[in-house]
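Working notes for the structure below.
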Amino acid sequence: MPASAASQLVDPRGATGRLLAHYDAHARPLPWRSPPGSPPPHPYLVWLSEVMLQQTTVASVEPRFHRFVARWPTLQSLAEAPEEQIFAEWAGLGYYARARNLIACARQVAERGGFPTHEAELRKLPGLGAYTAAAIAAIAFGRRAVVIDTNVARVIARLHALDRPLAALGPDIRRLADSLTPDDRPGDFAQAMMDLGATLCRPRSPGCAACPLSADCRAFARGEPQRFPAPAPKRAPRQRFGTAWWIERAGSVWLVRRPKHGLLGGMAALPGTEWGEQGPPGGSGPVIRHAFTHFALDLRVATASEPVGEGWWQPVARLGEAGLPTLYMKAAEAILAGRIRDAA
DNA sequence: GATGCGTGGGC
DNA sequence: TGCCCAAGCAT
């Protein structure tokens, strides 16, 4: 790929060199990362961490990554693990399609005897999109790949003072990121850009005084770098209502598994009604308020006596092992907290 | 290109 | 408290 006209605006080698020097001195030590300039981590660890990090913060991922690796130290062990155990280990991390794709990907890769080492082949695996395929190619295999996540996109938008929303900047961001990406150390470069976005070039209150790219940055030169790029337009929040059933016998509660696809797909759950726009539902029992990305849910947790649908009895004392998503953990906690209050 | 898909933390 | 945001992907 030839250097684009953008290289007249930002000197690729100069800016890239300053960025990598800053990374060599300030790279955050992370459990899935090897120090700058050293051999890369095992592709299994790069893949696992990258999938966990999709739309999820480092702070949330760290403890979960340790647990996953302790339980399934190799790709082969993960590929052979029962699905329910993997779902349970993922519970609370969110975006559960990632767990489904993780399982499918592990099995495919085990079958073929290892990860492909080129971006285009990685891109075909379940759960690996443009970002993750490029990140694994660069970080695990040292391939030159244009790695663009939300951090990189924001850094690029500020370097060039692009003030439209990121959704409208895709092709521009890609071209400019390409022109900045070096042939050497592409993995370190990608991680350096992401570190920069996470620690200095933050969405709000960017730390330009310590930034190795401030001399290259048009947004900095204009002042108010936090104005770039423009925020995404907001969507009107929606409200839904539903009822879940707490069915308990002899110290166990009746759980079901949600359908494979859609919201919380494949995860353990309390049985309940569909969630609709009409409400709030009648009946008695605590109401849980839970904010999903695209709607808010008021869920009444009502007690019932007869098991509903296919499911299993889960001992209440071991509810934590059931792998319930956060919504249902909150529902269970509301029931159990009410019980403690009643006893007092 | 837009929409559906979780959750926790920061301010 | 409410809002914004996070190492995105699939359709």
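Restricting the range A:234-244 to residues that are open to solvent by less than 100 Å² (accessible area, probe 1.4 Å) and either polar (S, T, N, Q) or in contact with a strand residue (DSSP E or B) (Cβ under 8 Å, 6 or more places away or on another chain) (or both), which is farthest from DNA strand B (Cβ to nearest atom)? Applying the filter and picking the extreme gives A:T243. Of the residues A:R174, A:R144, the single one that is farther than 25 Å from A:E224 by Cβ, assigned to a helix (DSSP H, G or I) and open to solvent by 50 Å² or more (accessible area, probe 1.4 Å) is A:R174. Taking the conditions (1) of a type in the set (S, T, N, Q); (2) surrounded by fewer than 15 Cβ atoms within 10 Å (Cβ to Cβ); (3) under 17 Å from A:A130 (Cβ atoms) in turn, A:N151 satisfies each one other than (2). Looking at A:L297, A:L255, just one residue is touching a residue at least 40 places away in the same chain (Cβ under 8 Å) and over 14 Å from A:I335 (Cβ atoms), and that residue is A:L297. All of (1) open to solvent by 70 Å² or more (accessible area, probe 1.4 Å); (2) within 16 Å of DNA strand B (Cβ to nearest atom); (3) within 19 Å of A:E111 (Cβ to Cβ) hold for A:H66 with one exception: (3). Taken over the range A:159-171, residues that are open to solvent by less than 50 Å² (accessible area, probe 1.4 Å), part of a helix (DSSP H, G or I) and within 14 Å of DNA strand C (Cβ to nearest atom) amount to 1. Just one of the listed residues (A:A133, A:A120, A:A106, A:A99) is open to solvent by less than 10 Å² (accessible area, probe 1.4 Å), closer than 25 Å to A:L169 by Cα, outside the structural domain of A:F292 (by TED's automatic domain parsing) and assigned to a helix (DSSP H, G or I), namely A:A133. Against the definition (over 17 Å from A:R143 (Cα atoms), open to solvent by less than 40 Å² (accessible area, probe 1.4 Å), in a helix (DSSP H, G or I) and within 11 Å of DNA strand C (Cβ to nearest atom)), how does A:V46 come out, yes or no? Here the answer is no, as A:V46 does not meet what is asked.
Selection within the range A:150-180: residues that are without any contact (Cβ under 8 Å) to a residue 40 or more places away in the chain and of a type outside the set (D, E, K, R). The member of this set that is nearest to A:P40 (Cα to Cα) is A:A177. Just one residue in the set A:G113, A:G37, A:G129 is modelled with pLDDT of 95 or more and at positive phi; that residue is A:G113.
To keep it simple, each residue is scored yes or no on (1) within 16 Å of DNA strand B (Cβ to nearest atom); (2) touching a Cys at 6+ places or on another chain (Cβ under 8 Å); (3) in the same structural domain as A:H22 (by TED's automatic domain parsing).
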| position | (1), (2), (3) |
| --- | --- |
| A:A209 | no, no, yes |
| A:S214 | no, yes, yes |
| A:A232 | yes, no, no |
| A:I247 | no, no, no |
| A:V253 | no, no, no |
| A:G266 | yes, no, no |
| A:L270 | yes, no, no |
| A:G279 | no, no, no |
| A:G283 | no, no, no |
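Total residues in the range A:196-241 satisfying the condition of being of a type outside the set (D, E) and not in a helix (DSSP H, G or I): the figure is 27.
On the stretch given as the range A:49-67, residues that are assigned to a helix (DSSP H, G or I) and within 18 Å of A:G127 (Cα to Cα) total 6.
Only one of the numbered conditions (1) open to solvent by 10 Å² or more (accessible area, probe 1.4 Å); (2) under 22 Å from the mean Cα position of the chain (by Cα); (3) in contact (Cβ under 8 Å) with a residue 40 or more places away in the chain is violated by A:A190, and that is (1). Scoring A:A104 on the criteria (1) over 21 Å from A:P36 (Cα atoms); (2) in contact (Cβ under 8 Å) with a residue 40 or more places away in the chain leaves a single failure, condition (2).
For first residues located in the range A:116-141 and in contact (Cβ under 8 Å) with a residue 60 or more places away in the chain and over 15 Å from A:R33 (Cα atoms), partners that are open to solvent by 50 Å² or more (accessible area, probe 1.4 Å) and within 16 Å of DNA strand B (Cβ to nearest atom) and lie 6+ apart or on another chain with Cβ distances below 7 Å form the pairs A:G127/A:N101.
The values are calculated or read from the model by the stated rules, or taken from the named source; none is laboratory data. Just so we're clear, the structure is a prediction, and the values are computed from it rather than from any experiment. For neighbour counting, all protein chains shown are included, and Cβ atoms are generated from backbone atoms with ideal geometry for every residue, glycine included. We work out accessible area using only protein heavy atoms, side chains counted, and drop any ligands, DNA or RNA first. Shrake-Rupley method; radii C 1.70, N 1.55, O 1.52, S 1.80 Å.
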